[in-house]
Amino acid sequence: MAADAGFGGLERFLKSFVFSALCAVVWGYFGASRARALVHDFSWMEVVWLAYNVTISALFLVRSRPSQLSMKPVHWLVALLTSFSGLFFARGVAGGATLVLVGDVLVLVGLAGSGTAAVALGRNYDFVPALRGVSTGWLFRYIRHPMYAASIIIRLGYLTTHLSAYNCVVFLIMVWLYDQRAGFEEQIMRNDPRYREYENRVRFRFVPGLR
């Protein structure tokens, strides 16, 4: 009974505004690192990253309380690994100028797509499988997981800029993990009949016409 009470207390905390505010602070830390980088060396890429991190931090603060939240450790582990998967890429190896340019463009496209999808989610935003509401507008009219698709594009940009066998392996693992993450999220979301109707209407996870 005590263990169940403790588990319930943890779940209440993870659903609380306090936890959301903590997530906003953590994401804000990454935003602050981008701001510090801008002070020393101005870069439009850093400006875009800063805007993206500020947007995510704000969404953590305004998101609604979930009616359901996954408490499975594997769901949280996959969410964390994919969210911070950029840290696993080796940056010491760089391609030629053309590959660097293509990589930067891919990162910018991915950031634009991910930011747009995050804004479309609005108060339904989360980074672990949870049921806060069903968003069907903007990019969600074409694929069910535009944020994950955009994140994969960002990782492809890392791979292109820093092309190596190691980074290729990391990229393939991360694509698989994003697919697993989408599946975990859908397990929770299907508890809402509106999502089941949406899933039947929008058949593709990441790429229109493919999957």
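The values are calculated or read from the model by the stated rules, or taken from the named source; none is laboratory data. All figures in this text were calculated on a predicted structure; none of them were measured in a lab. Glycine also receives a Cβ, built like all others from the backbone with ideal geometry; neighbour counts cover every protein chain displayed.
Would you kindly identify the helices (runs of 4 or more DSSP H) lying entirely within the range 126-211 that contain at least 2 residues that are under 30 Å from Thr98 (Cα atoms) and of a type outside the set (S, T, N, Q)?
Because the criterion is at least 2 residues that are under 30 Å from Thr98 (Cα atoms) and of a type outside the set (S, T, N, Q), the helices (runs of 4 or more DSSP H) in the range 126-211 that meet it are 146-161, 165-189.
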Original post:
With respect to Glu185, is the statement that it is over 14 Å from the mean Cα position of the chain (by Cα) and either of a type in the set (Asp, Glu) or over 16 Å from His75 (Cα atoms) (or both) true?
Top reply: no
Original post:
Do we find a residue being assigned by TED's automatic domain parsing to the domain that holds Val78 and more than 25 Å from Ser16 (Cα to Cα) anywhere in the range 117-134?
Top reply: no
Original post:
Are any residues in the range 195-207 surrounded by fewer than 16 Cβ atoms within 10 Å (Cβ to Cβ), in contact (Cβ under 8 Å) with a residue 40 or more places away in the chain and over 12 Å from Phe140 (Cβ atoms), and if so, which ones?
Top reply: Val207
Subject >> Condition check for Arg181: assigned by TED's automatic domain parsing to the domain that holds Lys72, crowded, with 22+ Cβ neighbours inside 10 Å and of a type in the set (Lys, Arg) >> reply: yes
Subject >> Index of the failed condition, Met71 passing every other in (1) surrounded by fewer than 15 Cβ atoms within 10 Å (Cβ to Cβ); (2) assigned to a helix (DSSP H, G or I) >> reply: (2)
Subject >> Lone qualifier among Asp104, Asp179, Asp192, Asp126 - being within 19 Å of Ser57 (Cα to Cα) and among the acidic types (Asp, Glu) >> reply: Asp126
**OP:** State whether one or more residues within the range 40-53 are loosely packed, with under 13 Cβ neighbours inside 10 Å and in a helix (DSSP H, G or I).
**Re:** yes
**OP:** Being surrounded by fewer than 18 Cβ atoms within 10 Å (Cβ to Cβ) and part of a loop (DSSP other than H, G, I, E, B) is the filter here, so list the residues in the range 93-125 that pass it.
**Re:** Val93, Ala94, Gly95, Gly96
Original post:
Out of all the residues in the range 137-167, which are surrounded by 19 or more Cβ atoms within 10 Å (Cβ to Cβ) and of a type in the set (D, E, K, R)?
Top reply: Arg144, Arg155
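Conditions tested, residue by residue: (1) at pLDDT below 90; (2) in the same structural domain as Leu108 (by TED's automatic domain parsing); (3) acidic (Asp, Glu); (4) more than 16 Å from Arg132 (Cα to Cα).
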| site | (1), (2), (3), (4) |
| --- | --- |
| Asp4 | yes, no, yes, yes |
| Phe13 | no, no, no, no |
| Ala21 | no, no, no, yes |
| Gly31 | yes, no, no, yes |
| Ala35 | yes, no, no, yes |
| Asp41 | yes, no, yes, yes |
| Tyr52 | no, no, no, yes |
**OP:** Taking Leu131 as meeting all but one of (1) under 22 Å from Ser67 (Cα atoms); (2) out of contact with any strand residue (DSSP E or B) (no Cβ under 9 Å at 6 or more places or on another chain), write down the number of the exception.
**Re:** (2)
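Identify, from the list Ile143, Ile152, Ile173, the residue that is closer than 22 Å to Val74 by Cβ, touching a residue at least 40 places away in the same chain (Cβ under 8 Å) and of a type in the set (Val, Ile, Thr).
The match here is Ile152.
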